[in-house]
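The values are calculated or read from the model by the stated rules, or taken from the named source; none is laboratory data. The shown structure was predicted, so the numbers you read here are calculated from the model rather than taken from an experiment. No Cβ is skipped: glycine too gets one built from the backbone with ideal geometry, and neighbour counts run over all protein chains shown. Heavy atoms of the whole protein, side chains included, go into the accessibility calculation; ligands, DNA and RNA do not. Shrake-Rupley method; radii C 1.70, N 1.55, O 1.52, S 1.80 Å.
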Amino acid sequence: MEEKRRYERLPIKLKLEVSNLFKQDTPPIHVDEDTEIEVFDISKAGIGFMSDVELPIGYYFNATLEFETTDEIILSVVKILYRAPISSAGFRYGCEFVGLPSMYDHIFEEYGDSVHEHEN
């Protein structure tokens, strides 16, 4: 099957907190602080994560990402593009970064290099 993604997805383990979801002309949705979100892959274009909470498609949230391989932190807005159920354990989500500056590209490249080094 032909890969259609623009950027390589890299495996990653990190926790992400979502407190509020927002969408233009819609009141924000508050998400329970105890909601666990586990990011399983990342690319320059977006992230994939799992959660036991059903989040609405088309909504946005603020994300803070901190990589183990660098001291830099990425602050970005993320848009939820799709949701798929994964048994009774919750949902799998695909999201895109909105307006992520290219100045962060080097972080993804460095992280990708470190992932590939550990594979060899």
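Could you check, for region 84-91, whether at least one of its residues is within 12 Å of the chain's Cα centre (by Cα), surrounded by fewer than 18 Cβ atoms within 10 Å (Cβ to Cβ) and in a strand (DSSP E or B)? Looking for residues that are within 12 Å of the chain's Cα centre (by Cα), surrounded by fewer than 18 Cβ atoms within 10 Å (Cβ to Cβ) and in a strand (DSSP E or B), one finds none in region 84-91, hence no. Specify the residue that is modelled with the lowest pLDDT; the eligible residues are those in region 1-58 that are within 22 Å of TYR104 (Cα to Cα) and of a type in the set (Gly, Ala, Ser). Of everything passing the filter in region 1-58, SER43 is modelled with the lowest pLDDT.
Here ILE80, ILE37 are screened, and the one residue that is touching a residue at least 12 places away in the same chain (Cβ under 8 Å), open to solvent by less than 70 Å² (accessible area, probe 1.4 Å) and in contact with an Asp or Glu (Cβ under 8 Å, 6 or more places away or on another chain) is ILE37.
Name the residue, out of SER102, SER43, SER88, that is out of contact with any His (no Cβ under 8 Å at 6 or more places or on another chain), closer than 19 Å to ILE12 by Cα and of a type in the set (Gly, Ala, Ser). Just one listed residue meets the conditions, SER43. Of everything listed in (1) of a type outside the set (Asp, Glu); (2) surrounded by fewer than 15 Cβ atoms within 10 Å (Cβ to Cβ); (3) over 20 Å from GLY112 (Cβ atoms), the single unmet condition for SER51 is (2). Return yes when LEU21 is part of a strand (DSSP E or B), loosely packed, with under 14 Cβ neighbours inside 10 Å, in contact with a strand residue (DSSP E or B) (Cβ under 6 Å, 6 or more places away or on another chain) and hydrophobic (A, V, I, L, M, F, W, C) and no when it is not. Against the criterion (part of a strand (DSSP E or B), loosely packed, with under 14 Cβ neighbours inside 10 Å, in contact with a strand residue (DSSP E or B) (Cβ under 6 Å, 6 or more places away or on another chain) and hydrophobic (A, V, I, L, M, F, W, C)), LEU21 does not qualify. In the condition set (1) without any contact (Cβ under 8 Å) to a residue 60 or more places away in the chain; (2) of a type in the set (Val, Ile, Thr); (3) open to solvent by less than 70 Å² (accessible area, probe 1.4 Å), ILE57 is compliant with all but (3).
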